[in-house]
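K.L.:
Here it is, the structure in full.
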Amino acid sequence: MIRIVYRWQVESENFEEFQEAWSLATNKIHDTVPGALGSFMLREADNKTEILTIAKWDSIESWKAFWGRANPEEMEAMQRLGRRISVNIYNEIDDFTR
């Protein structure tokens, strides 16, 4: 398993629309893209413009196959509403969340 951490800057006035676009995108990806296992969103407590979206994938190969389309259409609305600052790939070692 891997986790992909996307760091975004989203202006406060765009947050609700960004959240809706993310929800639609992540659910569509989870339902239609092989290897996609869902995502969650975090918002910085002190800097409300900093957002993390953290996706879970079964393998780096599945994620790369999805991103092989340079700019996946599922994420276009998010990119119009916010600026993606970084993308980092992490191997999941353990997960004790419930």
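K.L.:
If one computes the Cα centroid of the range 1-32 and of the range 48-98, what distance in Å separates the two points?
P.N.:
Between the Cα centres of the range 1-32 and the range 48-98 lies a distance of 8 Å.
K.L.:
Now, a different point. When a/c is below 1.5 the answer is rounded, else prolate if a/b is larger than b/c, else oblate, so apply that to the chain with a ≥ b ≥ c taken from the square roots of the Cα gyration tensor eigenvalues.
P.N.:
Oblate, since a/c reaches 1.5 and b/c is not below a/b.
K.L.:
Taking the 0 to 90 degree range and rounding to the nearest ten, how far is the long axis of helix 15-32 tilted relative to the main principal axis of the chain, both from C-alpha atoms?
P.N.:
Once rounded, one gets 20 degrees.
K.L.:
Under the 0.36 nm per residue contour assumption, what length would be gained going from the current alpha-carbon distance of Phe15 and Phe40 to full extension?
P.N.:
The span from Phe15 to Phe40 would gain 7.5 nm if fully extended.
Computed from the coordinates by the stated procedures, all read-outs in this text should not be read as laboratory data. Note that this is a predicted model, so its numbers are computed, not measured.
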